[in-house]
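K.L.:
Sharing a structure with you now.
Each value in this text was obtained by applying a stated rule to the coordinates, not by laboratory testing. No experiment lies behind these values; they were computed from the predicted model shown.
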Amino acid sequence: MPIYEFACQNCATPFEKFVRSFSAVEAVKCPECGSADVERQVSTFASHVKGGSSAYASGTTGSTCSTGGL
Ligand SMILES: [Zn+2]
């Protein structure tokens with residue numbers, strides 16, 4: 001049961017909406033001005049993965065010594 005965060009591109013109002021499917025995302029409208037020009041926001045989970053990915057990449061580089069080239 002995902003609840004996505006949206007931000008209206010017309011009046012910049014952030015809001016949350018329960019979305020059952022990707023097609024339902026297209027039908028989401030701003031509760032303030034009724035504009036359909038809304039954009040789904042990147043969740044905090046995604047930003048967490050982004051930070052973890054960077055650390056993982058550096059860790060992978062350090063553990064990848066099987067080549068022995070250097
Ligand atoms: Zn709006």
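K.L.:
Please give the contour-minus-distance gain from Arg20 to Val42: 0.36 nm per residue of separation, less the Cα-Cα distance, rounded to one decimal in nm. Spell out each step's value before the answer.
P.N.:
Working: separation 22, 0.36 × 22 = 7.92 nm, distance 1.73 nm.
Gain on extension, Arg20 to Val42, equals 6.2 nm.
K.L.:
Per 5 Å bin, what is the whole-percent P(r) computed from every C-alpha pair distance within region 4-43?
P.N.:
Each 5 Å bin holds this share of Cα pairs: 6, 31, 37, 21, 6.
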